[in-house]
């Protein structure tokens, strides 16, 4: 199995730890056999960034909003196993 590392950097000033932890839980539940780790990284300045293997896949500042869990799951699935069905998250 190749290493698949997700990093979620969240703003501590904005109190976004629970949002980051919830997303981490969603990803670990969906990809329990495929992710090596999901790291929560404290940040500041309104950041909420998600990286997969060091590559930025979502930035709250760039998008102007928070990510939907299904869109992050789809990006990760497309990288790890494009043929996999995500069930209700694919709709």
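Highest mobility in the GNM of the chain, judged by mean-square fluctuation with C-alpha springs under 10 Å and restricted to 65, 77, 41, is found for 65.
Shape class for the chain, computed from the alpha carbon gyration tensor (a ≥ b ≥ c): prolate, with a/c not under 1.5 and a/b above b/c. Helices in the chain, meaning DSSP H runs of at least 4 residues, each add -39500 (n - 2.57). Divided by all residues, the mean residue ellipticity at 222 nm is -9500 deg cm²/dmol.
Read-outs throughout are calculated quantities, based only on the coordinates presented, and are distinct from any laboratory measurement. Predicted, not measured: the structure shown is a model, and the values here were computed from it.
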